[in-house]
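Visitor: Before I ask anything, let me first share the structure, which is written out below as structure tokens.
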Amino acid sequence: MKAYLCLGSNLGDSKALMLEAAEQISRLEDSSVIRASSIIETEPYGKTDQPVFLNQVLELETSLDPLTLLRMLLDIETRMGRIRTVKWGARTIDIDILLMEDTIYMDDELCLPHPDFHRRYFALELLMELDPELLHPVFNKSISELYHELRNGGIQ
């Protein structure tokens, strides 16, 4: 199954931290990184009085179920010094699962697809680099369509 992960960092040497996170993700059991988008600088989302972020999207081939993958990613964040404080605050590394193919999943730990990524230009822009025709399983629209709709005022 293909999973699309968004990496973000705005504390410390963000680029080195993101490369280290991608390296650790590439070593996950039953998983391999297929492609990586470019790394772009983005304004903070939510809590705006903080440094800009670097963001990247990875395409991962995995046989892991969503919760197992999430727990492994949270472990990487913790080992890399992430301390969960205020929502949308600064962080050394943040790894979100955006999509896992057509999986729709919701519980207290995880929502798939990620509940906000279709409202974030940077996530859609980076996903477009990897697979612009990838379908969002809830909206049944391609990443390209969602990106253009967001640019034109929001999801219809």
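Visitor: Considering region 59-94 alone, what residues qualify as being in a strand (DSSP E or B), crowded, with 18+ Cβ neighbours inside 10 Å and modelled with pLDDT of 95 or more?
Guide: Initial filter on region 59-94 (in a strand (DSSP E or B)): 59-62, 94.
Checking the rest, the ones that are also crowded, with 18+ Cβ neighbours inside 10 Å come to 59-60, 62, 94.
Of everything in region 59-94, those that are in a strand (DSSP E or B), crowded, with 18+ Cβ neighbours inside 10 Å and modelled with pLDDT of 95 or more turn out to be 59, 60, 62.
Visitor: Can you tell me how many residues within region 24-70 are under 20 Å from residue 111 (Cα atoms) and among the acidic types (Asp, Glu)?
Guide: Number of matching residues: 3.
Visitor: Looking at (1) within 14 Å of residue 77 (Cα to Cα); (2) surrounded by fewer than 21 Cβ atoms within 10 Å (Cβ to Cβ); (3) in contact (Cβ under 8 Å) with a residue 12 or more places away in the chain, which one does residue 44 not meet, given that it meets all the others?
Guide: Condition (1) is where residue 44 drops out.
Visitor: Can you spot a residue in region 95-110 that is of a type in the set (Val, Ile, Thr), crowded, with 21+ Cβ neighbours inside 10 Å and either at pLDDT 90 or above or not in a loop (DSSP other than H, G, I, E, B) (or both)?
Guide: Yes, region 95-110 contains at least one residue that is of a type in the set (Val, Ile, Thr), crowded, with 21+ Cβ neighbours inside 10 Å and either at pLDDT 90 or above or not in a loop (DSSP other than H, G, I, E, B) (or both).
Visitor: Of all the residues that make up region 10-33, how many are more than 20 Å from residue 69 (Cβ to Cβ) and either touching a Pro at 6+ places or on another chain (Cβ under 7 Å) or not in a helix (DSSP H, G or I) (or both)?
Guide: 4
Visitor: What's the total number of residues in region 1-28 that are free of Cβ contacts under 8 Å to residues at least 40 places away in the same chain and over 13 Å from residue 73 (Cβ atoms)?
Guide: Quick first cut of region 1-28, residues free of Cβ contacts under 8 Å to residues at least 40 places away in the same chain only: 13, 15-16, 19, 22-23, 26-27.
Remaining after also requiring over 13 Å from residue 73 (Cβ atoms): 13, 15-16, 19, 23.
Going through region 1-28 one residue at a time, the tally reaches 5.
Visitor: Please count how many residues of region 111-137 are outside any helix (DSSP H, G or I) and either surrounded by 13 or more Cβ atoms within 10 Å (Cβ to Cβ) or touching an Asp or Glu at 6+ places or on another chain (Cβ under 8 Å) (or both).
Guide: Adding up the residues that qualify gives 12.
Visitor: Go through (1) crowded, with 18+ Cβ neighbours inside 10 Å; (2) modelled with pLDDT of 95 or more; (3) out of contact with any helix residue (DSSP H, G or I) (no Cβ under 7 Å at 6 or more places or on another chain) for residue 7 and report which single condition fails.
Guide: (3)
The values are calculated or read from the model by the stated rules, or taken from the named source; none is laboratory data. Keep in mind that what you see is a predicted model, and the values were worked out from it rather than measured. Methodologically, a virtual Cβ is constructed for each residue, glycine included, from the backbone with ideal geometry; neighbour enumeration extends over all protein chains shown.
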